Amino acid sequence: MRTMVLHGPRPVESAPLVMEERPVPRPGAHQLLVRVLHCGVCRTDLHVVEGDLVPLRPTIVPGHEVVGTVEQAGPEVHDWVQGEIVGVPWLQGTCGTCAYCLSGRENLCVAKTFTGYSVDGGYADHVVADARYALRLPTGKPDRLAPLLCAGIIGYRALRLSNPPPSGRIGFFGFGGSAHLTLALAARLGFRTVAYSRNPEHLALARRLGAAGAVRTGEAQPTEPDLDAAIVFAPAGEVVLQALRQVKKGATVAIAAIHLSPIPSIDYDRLLFGERRLVSVEANTRADAREFLDLAGRVGLESTVERRPLERANEALVDLKAGRVNGALVLDCAES
Ligand SMILES: [Zn+2]
Ligand SMILES: [Zn+2]
């Protein structure tokens, strides 16, 4: 099978992923062998490839927004059949026994594993995955479903943690794959949404997706705080301050980033006092994922995607890093 393999983190501009032929793996007792159709390119992949996240293995195949078909199920798998469409997300496994797992917070599990980070992921034409963490998807085009599997699910958890009041005004800071899906969902759920970005094309997309406002950052002077909630998607600490400046008293700023540059010092009196809250978002539970995918199906949520062939994964990551992608990036992984 064809795989794009990372042998130690390096800047994406140096084309660190290498195309390698490997034997197709056999599924373990609780695993599925999945024939990959598409795999989304998430910002977390960039952090894995460039080493912002500490490498866990000498080599890794990135990719954790996998949409494919079940090719073979392990002997202990009874709820998936061959040929069925399946989603393989970031959360690949949890211990089931730690205090977090036992209290319904498996996203905080002390021993959780991740697709495309602790085990090989979907930048390949086949992948094996634990069937107990695989997800059923709403109907839709497979390429447009792929970004739902991380960008969508994590964005949904961030939206919940940002705790907006009904029809409240929510700010989206940094407008990539996750923000565009979450804004579209929030708009359909009746919230008033405002996108903040330096990129005019991102703001135009936000408008098309139903944003009530689109603010070009770096140009506009900060206005009076008018947001009831905010979500920071950009992996930049200074953006957290921008968001804090825009939220009203009592509002929450949720940070939907697995890695963030340091947050500059916070002026407590101006930016945090007034019971403003700052919260990070770590992964998701399976319940979050199922709830989100069910909701996405009911409201007909679809991502806006740009597609690239698997062998051009390096270039895809360079474009993502440079902010040249409008919506989400998806790799075409099926054997031609
Ligand atoms: Zn656990
Ligand atoms: Zn992701």
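Any read-out appearing in this document is the output of simple, stated calculations on the displayed coordinates, not a laboratory observation. The shown structure was predicted, so the numbers you read here are calculated from the model rather than taken from an experiment. Note that we place each Cβ from the backbone using ideal geometry, even for glycine, and neighbour counts take in every protein chain shown.
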Only one of Val88, Val48, Val61 is in contact with a Pro (Cβ under 7 Å, 6 or more places away or on another chain) and within 16 Å of ligand 2 (Cβ to nearest atom). Can you tell me which? Val48
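Would you mind stating whether Leu145 is crowded, with 20+ Cβ neighbours inside 10 Å and more than 16 Å from ligand 1 (Cβ to nearest atom)?
Criteria met by Leu145.
This table checks each residue for (1) on the phi > 0 side of the Ramachandran plot; (2) buried (at least 24 other Cβ atoms within 10 Å of the Cβ); (3) not in a strand (DSSP E or B).
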| position | (1), (2), (3) |
| --- | --- |
| Tyr156 | no, yes, yes |
| Leu159 | no, yes, yes |
| Asn163 | yes, no, yes |
| Pro166 | no, no, yes |
| Gly190 | yes, no, yes |
| Ala195 | no, yes, no |
| Glu219 | no, no, yes |
| Ala234 | no, yes, yes |
Could you list, in sequence order, all residues of region 69-100 that are of a type in the set (Gly, Ala, Ser) and closer than 17 Å to Ile153 by Cβ? Gly87, Gly93
Name the residues in region 92-122 that are part of a loop (DSSP other than H, G, I, E, B), under 22 Å from Gly8 (Cα atoms) and within 13 Å of ligand 1 (Cβ to nearest atom), would you? Lys112
Which numbered condition Asp79 fails, given (1) within 16 Å of ligand 1 (Cβ to nearest atom); (2) over 22 Å from Val281 (Cβ atoms): (1)
Applying the selection to region 26-48, what residues are outside any strand (DSSP E or B), surrounded by fewer than 24 Cβ atoms within 10 Å (Cβ to Cβ) and not basic (Lys, Arg)? Pro27, Gly28, Ala29, His30, Leu46, His47
